[in-house]
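The values are calculated or read from the model by the stated rules, or taken from the named source; none is laboratory data. All values reported here derive from a predicted model rather than from experimental measurement. In this analysis, Cβ positions are derived from the backbone assuming ideal geometry, glycine residues included, and neighbour counts consider all displayed protein chains.
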Amino acid sequence: MDYISTRGKVGAIGFIDAVLMGLADDGGLLVPKTIPQVSADTLANWRRLSYPELALEVFSLYMSEEIPREDLKKLVDDSYATFRDEHVTPVRRVKNNLHILELFHGPTFAFKDIALQFLGNLYAYISRRKNSIIHILGATSGDTGASAIEGVRGKEGIRICILHPHGKVSKVQELQMTTVDDANVLNLSVDGNFDDCQRIIKELFADVPFKQKYHLRAINSINIARVLAQTVYYFYAYFQLENQGQAGPVNFSVPTGNFGDIFAGYLAKKMGLPVGKLILATNENNILERFVREGVYEPGEFHMTYSPSMDIQVASNFERYLYYLYGEDAAAVSALMEGFKKEGKIVVPGEKLRQVQADFAAYGVQNDECLATVGQYHDEYGYLLDPHTACGVAAADRLAGDGEVTVALATAHPAKFNEAIELLQIEQTFPPQIEALFDKPQRQTLVGGSNEAVKAELLKFF
């Protein structure tokens, strides 16, 4: 399996080189040269596999024996042994035809653990195998940072620096990052919002001499390994329902800000998984909803919401979708992204918009509706949603047709967002791992929202 750039100026490279490159050196994103096709017979054979067994099979399709199977099996087994549920990502039925895919049973109680426990172990494996230094640089709207830090803290040969927007993540998210005292971890609290953090990261990675000199590696979902790891739980959710007697296509409703999680579902569908609707749920930062409805991708006014991990205007994985929307035409994608850089928006023509609307349904959930959904499901079904998951559930309720089976992705444990839950006078019991955070000292450095300010801290750290 080879990997190429969405902008066409990176020659075919192997999986390990793709992981190490992160952002493609031409500024694009790496994608597999071909998408593996999974037959109905293979799906039937996979149906009874455990989560680690299924992950091994899916990953194997994208690696071409570049990592020996026994080594890969150990990486997978070690990564998912840290989860609190034997199914890793269990599916819970909440009401007729609506199920919740719980993705928060990892070490930091967020869906990012599923990819980042694996990616952390993979980076450690690559560092040992190549006898190389790895400096991880990432931005977070809340959950990626904690999951990434947990995946590599204390690991030899690896240093990690995470940028988060100062005062714009939940308290638990902040504590999960900043109470880590391992010497290989640096937290930078950036004066700005997540889009500022993400822009800095992308621009530093686009400075190829700087990236290569300091061995910079990506942990954000610009790294193709993140997306591949997330495809697994779409397959696993489908099989869990199939094993319960559910036949036929399944809808997935996905709360998303950076387009990575729903792109993984899109990739799983292109591989051959019987997916019905892919429902894209956003909050008031609804650039992606507008794109699906109108064909216009243009950042608007930034809103702080009860679902801060989705407070994103520029979705870093969107370019990967454009690549497939435009028939894998790298020149067309390059022109679109250059136009976006100059004009601040992308407009797709009518025939492309019809394809977008065939690929996705979309709904933007307002703040009041988000909270109301948390309250409704708590009162009527005894199930406590975090505010991001509530956006996915609200979108499913709006867009799933009568009789359609829908899985809403639960992206975080509600304890991570108690600020919103408290507004409903709902008391929840924190898991002991989260409760313990409040007694620990914090370590973070406040920096300005510029490349130079961040680069200065990196040079001191590396």
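The figures follow:
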quantity: Members of segment 225-248 that are without any contact (Cβ under 8 Å) to a residue 12 or more places away in the chain and of a type in the set (A, V, I, L, M, F, W, C); calculated: 247
quantity: Segment 364-374, residues that are in a helix (DSSP H, G or I) and either touching a residue at least 40 places away in the same chain (Cβ under 8 Å) or more than 24 Å from the chain's Cα centre (by Cα) (or both); calculated: 367, 368, 370, 371, 372, 374
quantity: Residue list for segment 323-337, restricted to those being under 15 Å from residue 270 (Cα atoms) and surrounded by 22 or more Cβ atoms within 10 Å (Cβ to Cβ); calculated: 323
quantity: Test: residue in segment 301-313 that is modelled with pLDDT under 95, within 28 Å of residue 417 (Cα to Cα) and more than 22 Å from the chain's Cα centre (by Cα); calculated: yes
quantity: Lone unmet requirement of (1) surrounded by 22 or more Cβ atoms within 10 Å (Cβ to Cβ); (2) closer than 19 Å to residue 309 by Cβ for residue 406; calculated: (2)
quantity: Total residues in segment 332-362, condition in contact with a strand residue (DSSP E or B) (Cβ under 6 Å, 6 or more places away or on another chain) and in contact (Cβ under 8 Å) with a residue 60 or more places away in the chain; calculated: 3
quantity: Checking residue 379 against (1) within 20 Å of the chain's Cα centre (by Cα); (2) surrounded by fewer than 18 Cβ atoms within 10 Å (Cβ to Cβ), the condition it does not meet; calculated: (1)
quantity: Breaking point among (1) touching a residue at least 60 places away in the same chain (Cβ under 8 Å); (2) closer than 27 Å to residue 142 by Cβ, for residue 405; calculated: (2)
quantity: Residue count for segment 388-403, restricted to those that are aliphatic (A, V, I, L, M) and either surrounded by fewer than 23 Cβ atoms within 10 Å (Cβ to Cβ) or on the phi > 0 side of the Ramachandran plot (or both); calculated: 2
quantity: Qualifying residue in segment 115-137 (condition: in a loop (DSSP other than H, G, I, E, B), closer than 22 Å to residue 462 by Cα and either free of Cβ contacts under 8 Å to residues at least 40 places away in the same chain or not polar (S, T, N, Q) (or both)); calculated: yes
quantity: Index of the failed condition, residue 449 passing every other in (1) farther than 27 Å from residue 294 by Cα; (2) more than 25 Å from the chain's Cα centre (by Cα); (3) of a type in the set (Gly, Ala, Ser); (4) part of a loop (DSSP other than H, G, I, E, B); calculated: (2)
quantity: Odd one out for residue 289, checked against (1) in contact (Cβ under 8 Å) with a residue 60 or more places away in the chain; (2) assigned to a loop (DSSP other than H, G, I, E, B); calculated: (2)
quantity: Selected residue [basic (Lys, Arg) and closer than 19 Å to residue 241 by Cβ] from 84, 48, 69; calculated: 48
quantity: Helices (runs of 4 or more DSSP H) contained entirely in segment 164-260, each with at least 3 residues that are within 29 Å of residue 7 (Cβ to Cβ); calculated: 194-206, 208-213, 224-243
quantity: Counted residues, segment 154-169 - those being modelled with pLDDT of 90 or more and either within 14 Å of residue 138 (Cα to Cα) or of a type in the set (Gly, Ala, Ser) (or both); calculated: 10
quantity: Selection within segment 3-62 - basic (Lys, Arg) and buried (at least 18 other Cβ atoms within 10 Å of the Cβ); calculated: 7
quantity: Single residue of segment 93-114 satisfying the filter (farther than 18 Å from residue 228 by Cβ and outside any strand (DSSP E or B)) that is modelled with the lowest pLDDT; calculated: 96
quantity: Odd one out for residue 146 among (1) aliphatic (A, V, I, L, M); (2) touching a residue at least 60 places away in the same chain (Cβ under 8 Å); (3) crowded, with 24+ Cβ neighbours inside 10 Å; (4) part of a helix (DSSP H, G or I); calculated: (2)
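Table: residues versus (1) surrounded by 14 or more Cβ atoms within 10 Å (Cβ to Cβ); (2) in contact with a helix residue (DSSP H, G or I) (Cβ under 9 Å, 6 or more places away or on another chain); (3) free of Cβ contacts under 8 Å to residues at least 40 places away in the same chain; (4) within 22 Å of residue 388 (Cα to Cα).
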| site | (1), (2), (3), (4) |
| --- | --- |
| 410 | yes, yes, no, yes |
| 413 | yes, yes, no, yes |
| 419 | no, yes, no, yes |
| 429 | no, yes, yes, yes |
| 435 | no, yes, yes, yes |
| 440 | no, yes, no, no |
| 455 | yes, yes, no, no |
